[in-house]
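Working notes, beginning with the structure itself.
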Amino acid sequence: MSNLAPQAIFIGLGVIAVISALLVVVGRNLFHAAMFLGAYMLSIAGFYFLLDADLVGIMQVFVYVGGVIVMLLFGVMLTAQMTNVRMVSAVKQRGGTILSVIVLVALLASIFKKTAFVISQTTPAQNAISLVGKLFMTDYVLPFEVVSVLLLAALIGAIVVAREEGRPQ
Amino acid sequence: MSLEFIPLSYYLILSAILFGIGLAGVLLRKNAVTILLSVEIMLNAANLNLVAFSRYITPAAASGQIFALFVMAIAAAEVAVGLALVLTIYRNVKSVNLDEFNLFKW
């Protein structure tokens with residue numbers, strides 16, 4: 001592999017991520033916005049693979065592209081009127097909001113540029129998936145169980161909230 | 001492999017830009033579903049930060065990857081409940097414009 005390949009991959013994925021995120025934000029069609037969000041999440045998964053985080057990348061594709069996007073599309077398309085909603089966006093403080101977001105990003109970027117991070121030269125763990133699995137079952141077992149209970153509660157809560165009221169069970 | 005070719009600050013600046021785009025979406029848009037999508041953009045940008053720090057600062061520990069996976073689980077729960085709420089409100093108000101969701105406001 002030539003030396004330029006990682007940089008080329010980084011720039012390509014970055015361009016895809018920024019453009020698709022912008023299209024999600026400025027788009028007027030909910031269906032297209034959900035599709036561009038899928039492209040954005042796939043490019044983020046590409047970054048994870050570039051960063052040697054295989055498990056996170058695979059879970060990104062499974063959970064986000066396979067789960068969240070499909071759920072959003074179902075939610076948008078099953079409510080027939082919502083697909084064709086004309087989205088008017090006329091926030092009064094538009095200029096000031098954009099300006100302050102740009103200032104925030106510039107401030108963060110200048111901080112990142114100036115900070116000297118201590119880069120570790122150790123090689124990453126060879127079998128990261130089994131390492132992460134072991135950590136989930138040892139050091140992080142309590143947060144792991146709490147998250148599983150939270151997911152169950154969110155599942156039941158979403159069903160209860162979205163169910164139509166007044167219908168006999 | 002890619003450590004010496006791409007500095008850590010590139011990842012951080014990129015995720016700051018993506019976070020800014022998501023933040024602008026949350027602040028500027030009035031459609032509730034678009035705001036949910038923008039929140040997802042912000043969560044993914046933060047996740048990219050976590051994984052980049054994990055790779056560059058503590059490559060052997062993988063703790064950043066575990067945090068990213070936790071954030072992913074929370075985000076899935078958030079979007080499920082958020083979408084259910086938006087659908088319920090839409091059924092009652094017949095609108096996804098956040099300016100009309102002022103029942104609790106006054």
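The values are calculated or read from the model by the stated rules, or taken from the named source; none is laboratory data. The shown structure was predicted, so the numbers you read here are calculated from the model rather than taken from an experiment. Note that each Cβ is placed from the backbone with ideal geometry, even for glycine, and that neighbours are counted across all protein chains shown. In case anyone asks, the SASA skips ligands and DNA or RNA and just uses the protein heavy atoms, side chains included. Shrake-Rupley method; radii C 1.70, N 1.55, O 1.52, S 1.80 Å.
In table form, for the structure just shown:
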read-out	value
Loss of accessible area when B meets A, both sides summed, Å² nearest 100, probe 1.4 Å	7000 Å²
Value of relative contact order over the range A:1-73, rounded to a whole percent, pairs C-alpha under 8 Å and six or more apart	29 percent
Mean accessible surface per residue for chain B, computed with a 1.4 Å probe while every protein chain stays in place, in Å²	38 Å²
Student exercise, chain B dipole from Lys, Arg, Asp, Glu Cβ charges, in Debye to nearest 20	280 debye
Taking the convex hull of Cα positions in chain B, its mean projected area over all directions (nm²)	8.0 nm²
Helical segments meeting 15 Å axial Cα length and Kyte-Doolittle 0.0 threshold in chain A (DSSP H)	A:5-26, A:30-50, A:94-114, A:141-162
Rel. contact order, % - alpha carbon contacts under 8 angstrom, at least six apart, chain A	17 percent
Crossing angle, helix B:32-56 versus chain B [Cα axis fit, 0-90 degrees, rounded to tens]	10 degrees
Amide H contacts under 5 Å for B:Ala60, placed H, 5+ residues apart	none
Contact order normalised by residue count of chain B, Cα under 8 Å, 6+ apart, percent	27 percent
Packing-based order for A:63-73, A:141-151, using average beta carbon neighbours within 10 Å, highest first	A:63-73, A:141-151
Shielding score for A:138-149, defined as the mean number of other chain Cβ atoms within 10 Å	2
Global form of chain A, assessed from the alpha-carbon gyration tensor, a/c cut-off 1.5	oblate
Full-stretch length increase - A:Asn29, A:Thr123 - with 0.36 nm per residue and alpha-carbon distance subtracted	29.3 nm
Helix B:63-93 axis, angle to chain B major axis (alpha carbon atoms, nearest 10°)	10 degrees
Part-to-part distance (alpha-carbon centres) for the range B:41-84 and the range A:33-47, which is given in Å	15 Å
Surface share of carbon and sulfur [accessible, 1.4 angstrom probe, percent] for the range A:34-77	85 percent
Average partner coverage of A:104-116, which counts Cβ from other chains inside 10 Å	4
